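Engineer: Pasting a structure here, questions to come.
Each reported figure results from applying straightforward, stated rules to the coordinates on display, with no laboratory input. Treat the numbers as computed from the prediction; the structure is a model and nothing was measured. Ideal geometry is used to build each Cβ from the backbone, glycine not excepted, and the neighbour counts take in all protein chains shown.
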Amino acid sequence: MRAFEHDIEIGSPIEIVFDAWADFESVPRWFRDVVEVRRSGRGTARWIILLRNGERLVWESVTEKFEPDKRIFWRSFRGDVYIECEAIFREEEARKTRLRLFFSYDAPEELMAAADEIFSRMKKNLEDFRRWVESQRNSRLRGHEEGLGLPPDEEVRLRKGAPAQASEEGREKTAKDFLRRGVDRLLDRPKERWRRPL
């Protein structure tokens, strides 16, 4: 089994980074070789990677640990490759997030070279993820000007890089919102499909 670890700092608040990582169906937007990720059940997803020769690697994953704004662990349970992926999130100063990724994989001998080629680019894919998430934050700030997104006081705090000045009631509401986001994401949200053109 091959294993590696990567660490990256992202210039966005932890809730934005966590939500972006947990939205598996958006992975094709930043992971170059992933063609499609589709939810297949409660906490499960089907992944498709396109190889250079036109063949595909396909597997199904199950999310085993889901701690909002802290940790996500998933592993494949059937398919062409066996993968374990754990992402740990830590809030840094000035509304930045540290993402530490532990990734391991194994494949049959005839697929190992293809898996090595794809997963050797993981560091580059994480850089693409960082750029994508940071652009999402900027979109949220611009969205408020069009009547969408963040409330004005939060927008001002984000632009200045100041920490949120939430009341105790506000912090409790935020924690509940994070939990709701996680439950919606894994269980109740309608199916979506993100497809990268072939």
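Engineer: Normalising by the residue count of the range 1-49, find the relative contact order in percent from Cα pairs under 8 Å and 6+ residues apart.
Structural biologist: Numbers: 39 pairs, mean separation 10.5, N = 49.
Rounded, it is 21 percent for the range 1-49.
Engineer: Here is a follow-up. Residue by residue through the range 115-120, which ³J(HN,Hα) values in whole Hz follow from phi under the Karplus form 6.51 cos²θ - 1.76 cosθ + 1.60 (θ = phi - 60°), with glycine and proline marked x?
Structural biologist: Coupling constants for the range 115-120: 5, 4, 4, 5, 7, 5 Hz.
Engineer: Let me ask another. Counting only the backbone N, which residues of the range 6-42 are under 14 Å from the spot 7 Å out from the Cα of Ser135 toward its beta-carbon?
Structural biologist: Under cut-off, by backbone N: 27-32.
Engineer: Could you work out the local net charge near Met1, counting Lys and Arg as +1, Asp and Glu as -1, over the other residues with Cβ closer than 9 Å to its Cβ? Present the calculation step by step, with values, prior to reporting the outcome.
Structural biologist: Numbers: positive: Arg2; negative: Glu84, Asp106.
It works out to a net charge of -1.
Engineer: Please report, to two decimal places, log10 I(q)/I(0) for the range 19-145 at q = 0.09 Å⁻¹ as given by the Debye formula with identical point scatterers on the Cα atoms and no solvent.
Structural biologist: Treating every Cα as an identical point scatterer, log10 I(q)/I(0) equals -0.28.
Engineer: Can you list residues whose amide H is under 5 Å from Leu51's amide H, if they're 5+ apart or on another chain and H is modeled 1.01 Å from N?
Structural biologist: Those qualifying (amide H under 5 Å, at least 5 residues apart or on another chain) are Arg56, Leu57.
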